[in-house]
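This report concerns only the one structure given below.
We did not get these values from a lab; they are worked out from the coordinates using the rules stated. Quantities reported herein were computed from a predicted structural model and do not represent experimental measurements. For neighbour counting, all protein chains shown are included, and Cβ atoms are generated from backbone atoms with ideal geometry for every residue, glycine included.
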Amino acid sequence: MKKICLYIGMIFIFLLMNTGVRAASPETTGPIKIGFMGNMSSPSSLSSKGAATMAVDEMNKAGGIQGRQIKLIVEDTKGEIPKCVESYKKLVMNDRVLAVIIAEKVEMGVAGMEIGAELFSEYPHLFFSTVGSGDDIWHRVRDNYKKYRFGFQTYYYISTNFLKIWAPENTDVFKKQVKTKNVAIIYEDMEWTKPLRKGLPNVSPSLAGVYKEKGINVVYETTISLDQKMFNPIFEEIAKSNAGVIDCVVGYIDQSAFIKQWAQSSARHIPVLIWGGLAGMPPAWKMTEGKVNGVMVGSSMVKVAITPKTLPFMENLVKDYKVGPIFGSHTTYDTMYGFKKAIEKAGGTGDVDKLIKQLEQVEEVAVLGTIGWNAKYHYNLPHPKYLTPVVQWQKGEMKVIYPAQYKNADYISPTDLRK
């Protein structure tokens, strides 16, 4: 009797183990399922959803990936971390997606990556963060590659690149376009700006330190909170500081109020450069009642053909999917095509580690250059592979003023533009 019980127990354990193996194997037939997560009340997530849908529709129309159709499964996180974790688990464990895209701020991406790491051994899959720009995602890959190797960060500026690439580019704009060496810096109090305010040990000094190395004088610095609405006192202080340009390291503050108050302050003749956000989007003109005139901003919504994909992407997203190409939408779209190429190079979806190795090597023509991921850290290939042009609002239009190869207008001072 004991032998029979032991035998039955061994069979039961064997069946459980084999069931687990079968459950863990990525599907190699039927549709390729990709999960998409975002805050569906956020314009950037909605735009990214439209971009992901557009990529899926284009691929399916062209025959899919290796003859298999792609199915996009969308989940609304409502901007809440517990909901993000719940949705991630559903997509991976129940829907059995091959990859999860999180098109939201980096904190949500980190939450997803952590639960993904717990699930990976039993449910091999891939994870892409297409909006978050902080360092917390790629640092995990750097510090524990084995555990986090399934994670990739597609948003194209991480703090290291901000300091090593964006800061020197800003210096060129300040010196060559604005013709000044004196800068005032305004930071928003968020995770992504911390390395710029404090520097990165053994990597780079702070933003002010980089500017100093490049011959730029930082004559004023301050940090503002996300819920701040009154900016006039700051602009009045800057007006007295001898600043020749205001460098605004912001993306999430109330930019409409910020810009309107700048345009009515004593600092209104001092040029403004904003790193991203509303100022780089077409609605900014109407939302600021034209006060954004003269503002410079890093914008992915450029109407110049950086690649053959740039203009069709922007036009089709608005025309067919009824959303504007907000930051993160292009990186989401490009992620889909980079992933498609990696699957083709890997010969299918059956081996996730083989897919990871292909993602570490892939380069594909993208909306703003070339999509690909650093083989060691899994962040997007930076400038000049993938870039953000600097545009200036000139009488209702965003004109590219930097870099030179995509320039379609000269810089004009805010004072002259208001004449």
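Each of the peptides 402-412, 91-101 was scored by the mean count of other Cβ atoms within 10 Å over its residues; in descending order, highest first, they stand as 91-101, 402-412. Between the C-alpha center of segment 190-231 and that of segment 240-256 there is a gap of 12 Å.
Only lysines eight or more places from Lys357 in sequence, or on another chain, were considered; those with a Cα closer than 19 Å are Lys146, Lys147, Lys340, Lys341, Lys345, Lys376. For Asn217, the residues whose modelled amide H falls within less than 5 Å of its own, excluding neighbours fewer than 5 places apart on the same chain, are Asn182, Val183. Just to be sure I understand, if you calculate mean projected area of the Cα convex hull in nm² for this structure, which of (i) 19.0; (ii) 25.9; (iii) 22.3 do you get? Label of the calculated value: (iii).
In this rough spin-label picture, where each label sits 7 Å from Cα along the Cβ direction, the Met230-Ile81 distance is 3.2 nm. Look at the alpha carbon pairs under 8 Å that are at least 6 residues apart: their mean separation over the length of segment 319-419 gives a relative contact order of 14 percent.
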